[in-house]
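The values are calculated or read from the model by the stated rules, or taken from the named source; none is laboratory data. In this text, all values refer to a predicted model and were calculated from it rather than measured experimentally. Counting neighbours? That spans all protein chains shown, and the Cβs are built from the backbone with ideal geometry, glycine included.
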Amino acid sequence: MTRWQPSAGVAAARSRASMLRLIRHHFDAAGVLEVDTPALSPFAVSDTQIESFEISRSQVSQRTLYLNTSPEFCMKRLLAAGYPDMFSICRVFRDGESGRRHQPEFTLLEWYRLDFGLRDIVGDTIDVIHAAISNDRLGGEPDTFDYRDYFRQTIDLDPIAASINDLAEAANADIDLRQSIGEHRDDWLDLLLATRISSTFADDRLTVLQHYPASQAALARLCPQDSRVADRFEVFFGAIELANGYVELTDAAEQAARINDDNAKRQRRARSVRPHDESLLAALESGLPRCAGVAMGIERLQMLNDNTDDIRDVISFSFEASE
């Protein structure tokens, strides 16, 4: 018999609607403008950790089209055009894992604040989470750690200076895993974060992990006080990542170099190299104002609000249910 019932019940839908109202009210009170961006693009991100869905045949375009993984590039074009502080709540698509914490289609809250530094945007993120959550699961003040310090404190390993062998040993990697990950340093760090670091975060409050290694800067600027790290942070509740943010890179030449480096890594890993968004680089060249931005998964936030560890409990139609 064909399964037709939704994944989650009406209580989850009411909880989501309430949470979205609270988020919009919070931003409206702060004078942050809601904007809309397209879901379809002829460009795709170069990030080696993110894969895009592509539409190879289209009646409206002779080019391959991609479903957006984030509204980030379009929102930065709006900022460069003179828009004020802004936020967007939109559906995004990522071709990856599907299960208890991930879905290929999900809802992303993304926002940008002008003239915000790292401390400002971290505080702003905590405020948004508190504004959205209606239960009492959030305990005291968030724990805040520097990425490098916390690795050294928790597993006695310097993530910047450690060799690949040191990272593999810290991950208790067997031969198969060593061969699978190889010399990809950031993949080892991501594995350690997922398997040995995030499990040590407090389960009754938020944890902020900041100053990620420069190799994981993504679209963040490097820290003015230490170029080995980036002004990037993530917010967790327990081991679950809720938000990823940073003080934005505004240098077009540096951004182009990072895209080229990403594409070189994708070629080495036998992954598709897709067309990058020249409009983003043009916007940076025209002058992206000093700003900071955050991406936060709405479903992850609702998992915290509804006290569940399965993302399918908060989605009306999960990917598995639609197969």
**Message:** Can you list residue pairs whose Cβ atoms sit under 8 Å apart, with the first residue in region 138-160 being closer than 17 Å to Ile240 by Cα and the second being among the hydroxyl-bearing types (Ser, Thr, Tyr) and at pLDDT 95 or above? Count only pairs 6 or more apart in sequence or on different chains.
**Reply:** Pro142/Thr207; Asp143/Thr207; Thr144/Thr207; Phe145/Thr207; Tyr147/Tyr212
**Request:** Looking at (1) within 18 Å of the chain's Cα centre (by Cα); (2) basic (Lys, Arg); (3) closer than 21 Å to Leu219 by Cβ, find the lone condition where Arg148 falls short.
**Result:** (1)
**Message:** When you scan region 2-22, do you find a residue that is within 30 Å of Gly287 (Cβ to Cβ), out of contact with any Cys (no Cβ under 6 Å at 6 or more places or on another chain) and either modelled with pLDDT under 95 or crowded, with 18+ Cβ neighbours inside 10 Å (or both), even just one?
**Reply:** no
**Message:** So, Asp226, is that one within 24 Å of Ile155 (Cβ to Cβ), modelled with pLDDT of 95 or more and surrounded by fewer than 20 Cβ atoms within 10 Å (Cβ to Cβ) or not?
**Reply:** yes
**Prompt:** If we keep just the residues of region 6-37 that are more than 27 Å from Tyr83 (Cα to Cα), in contact (Cβ under 8 Å) with a residue 60 or more places away in the chain and not in a helix (DSSP H, G or I), which is farthest from the chain's Cα centre (by Cα)?
**Reply:** Pro6
**Prompt:** Out of (1) hydrophobic (A, V, I, L, M, F, W, C); (2) over 19 Å from the mean Cα position of the chain (by Cα); (3) surrounded by 13 or more Cβ atoms within 10 Å (Cβ to Cβ), the odd one out for Val122 is which?
**Reply:** (2)
**Prompt:** Only one residue in Ala239, Ala220, Ala264, Ala257 is at pLDDT below 95 and under 15 Å from Leu280 (Cβ atoms). Which one?
**Reply:** Ala257
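Yes or no: Ile259 of a type in the set (A, V, I, L, M) and buried (at least 20 other Cβ atoms within 10 Å of the Cβ)?
In short, no.
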**Item:** Entirely in region 161-276, the helices (runs of 4 or more DSSP H) that have 3 or more residues that are closer than 30 Å to Cys74 by Cα
**Value:** 185-192, 252-268
**Test: Arg312 is touching a Ser or Thr at 6+ places or on another chain (Cβ under 7 Å) and outside any helix (DSSP H, G or I)** = no
**Message:** Looking at Arg77 and the list (1) under 27 Å from Leu249 (Cα atoms); (2) at pLDDT below 95; (3) in contact with a Ser or Thr (Cβ under 9 Å, 6 or more places away or on another chain), which single condition is not satisfied?
**Reply:** (2)
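Please specify each residue of region 305-323 satisfying the condition of being under 22 Å from the mean Cα position of the chain (by Cα) and either modelled with pLDDT under 90 or among the aromatic types (Phe, Trp, Tyr) (or both). Don't jump to the end; show me each part of the working.
Applying the first criterion (under 22 Å from the mean Cα position of the chain (by Cα)) to region 305-323 yields 305-315, 318-319.
Result: Ser318, Phe319.
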